[in-house]
């Protein structure tokens, strides 16, 4: 298998939607195709300003893909498409 797709989720502690999104991403059927990085927006003022009311915000391969909720089927469709393109 080639390089895994980078997925970044901007979140913060105590955010229920963030916890829900993390659970969804942990159980999707394309989990072997991506690497998840969770960025705590509380660590940087600029991230708080940029994403404060939108979290969780999920980028797949550098593309903003989801905000607030994650659709697992749409998520895997995008990850698979990017994975095929990366080959």
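All of the numbers you see were taken from the coordinates with simple rules; none came from a lab. Just so you know, these numbers come straight off a predicted model, no measurement behind them.
Relative to the longest principal axis of the Cα atoms of the chain, helix 16-27 runs at roughly 20 degrees.
Which percentage, to the nearest 5, of the DSSP beta bridges contained in the chain is antiparallel? Of those bridges, close to 55 percent are antiparallel.
With an 8 Å cut-off on Cα pairs and a minimum separation of 6 or more residues, tell me the relative contact order of the chain in percent.
Values: 125 pairs, mean separation 34.5, N = 87.
That works out to 40 percent.
Axis of helix 72-86 versus longest Cα principal axis of the chain: the two differ by about 60°, to the nearest ten degrees.
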